[in-house]
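K.L.:
Take a look at this one; I'll ask things after.
Each reported figure results from applying straightforward, stated rules to the coordinates on display, with no laboratory input. Keep in mind that what you see is a predicted model, and the values were worked out from it rather than measured. When we count neighbours, we look across all protein chains shown, and the Cβ atoms used for this are built from the backbone with ideal geometry, even at glycine.
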Amino acid sequence: GAVVSQHPSWVICKSGTSVKIECRSLDFQATTMFWYRQFPKQSLMLMATSNEGSKATYEQGVEKDKFLINHASLTLSTLTVTSAHPEDSSFYICSAAGNTGNQPQHFGDGTRLSIL
Amino acid sequence: AQSVAQPEDQVNVAEGNPLTVKCTYSVSGNPYLFWYVQYPNRGLQFLLKYITGDNLVKGSYGFEAEFNKSQTSFHLKKPSALVSDSALYFCAVRPWNNNDMRFGAGTRLTVKP
């Protein structure tokens, strides 16, 4: 089946630093990639949708300058949390979808980000 | 815009008993419906989907779901629950013509031995 690799799985860093999270589709071409944020015991909150070679579409309330998304190829998207602060601590999950309309999204294993 | 409701935050069943996790949806046009499972500190794993065809869909790990158009429901079921089925389950819906998928709030399933 389709595999999505997300790296790193766990990050602890100091406030003010920037953190990059990578999301790779290993065995299929991901036309669209999605970035979600999940708070404890809550559902997934869609942050942004990115199509290869295009600017990401951000959901309302998500700061574009804070959460930089790059989708430079059909197999890689990155999320950079810039100048991270403790309130950015969360579980971030990416998913990828191919260009076949009825296929499910395939998810990475998530990145737990802890800002001290 | 599409939406999903999972009316139960928590479902508890005894091992060996049948389980049902409920989901209702709202979407314009024909829906694409999905169930995912999430284990602690992991991403979501795809269980099954309904696109078209038979209303009863079979998926991974013995799970199945029944699409009911008149009730706009897509309940997840399993005839005999296992302790290892304990996890967080998400129902999701998206329209047929775009990738905008919406997730329910999730239902935590606990199967007790």
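K.L.:
For B:Leu109, which of the numbered conditions (1) of a type outside the set (Lys, Arg); (2) touching a helix residue (DSSP H, G or I) at 6+ places or on another chain (Cβ under 8 Å); (3) outside any strand (DSSP E or B) fails to hold?
P.N.:
Of everything listed in (1) of a type outside the set (Lys, Arg); (2) touching a helix residue (DSSP H, G or I) at 6+ places or on another chain (Cβ under 8 Å); (3) outside any strand (DSSP E or B), B:Leu109 misses just condition (3).
K.L.:
Continuing with this model, one more query. Within region A:1-47, can you find the residues that are basic (Lys, Arg) and over 12 Å from the mean Cα position of the chain (by Cα)?
P.N.:
The answer is A:Lys14, A:Lys41.
K.L.:
How about region B:54-113: which of its residues are acidic (Asp, Glu) and more than 12 Å from B:Tyr32 (Cα to Cα)?
P.N.:
B:Asp54, B:Glu64, B:Glu66, B:Asp85, listed by residue number.
K.L.:
Another question about this same structure. Wholly within region A:61-116, which strands (runs of 3 or more DSSP E) include no fewer than the required count, namely at least 3 residues that are within 10 Å of chain B (Cβ to nearest Cβ) and on the phi > 0 side of the Ramachandran plot?
P.N.:
Those strands (runs of 3 or more DSSP E) do not exist here; none qualify.
K.L.:
While we're looking at this one, here's another question. Answer with yes or no whether A:Lys41 is surrounded by fewer than 18 Cβ atoms within 10 Å (Cβ to Cβ), more than 12 Å from chain B (Cβ to nearest Cβ) and either among the β-branched types (Val, Ile, Thr) or out of contact with any Cys (no Cβ under 7 Å at 6 or more places or on another chain) (or both).
P.N.:
It is false that A:Lys41 is surrounded by fewer than 18 Cβ atoms within 10 Å (Cβ to Cβ), more than 12 Å from chain B (Cβ to nearest Cβ) and either among the β-branched types (Val, Ile, Thr) or out of contact with any Cys (no Cβ under 7 Å at 6 or more places or on another chain) (or both).
K.L.:
Another question about this same structure. Given the conditions (1) exposed (fewer than 12 other Cβ atoms within 10 Å of the Cβ); (2) out of contact with any strand residue (DSSP E or B) (no Cβ under 6 Å at 6 or more places or on another chain), report the number of the one that A:Lys66 does not fulfil.
P.N.:
(1)
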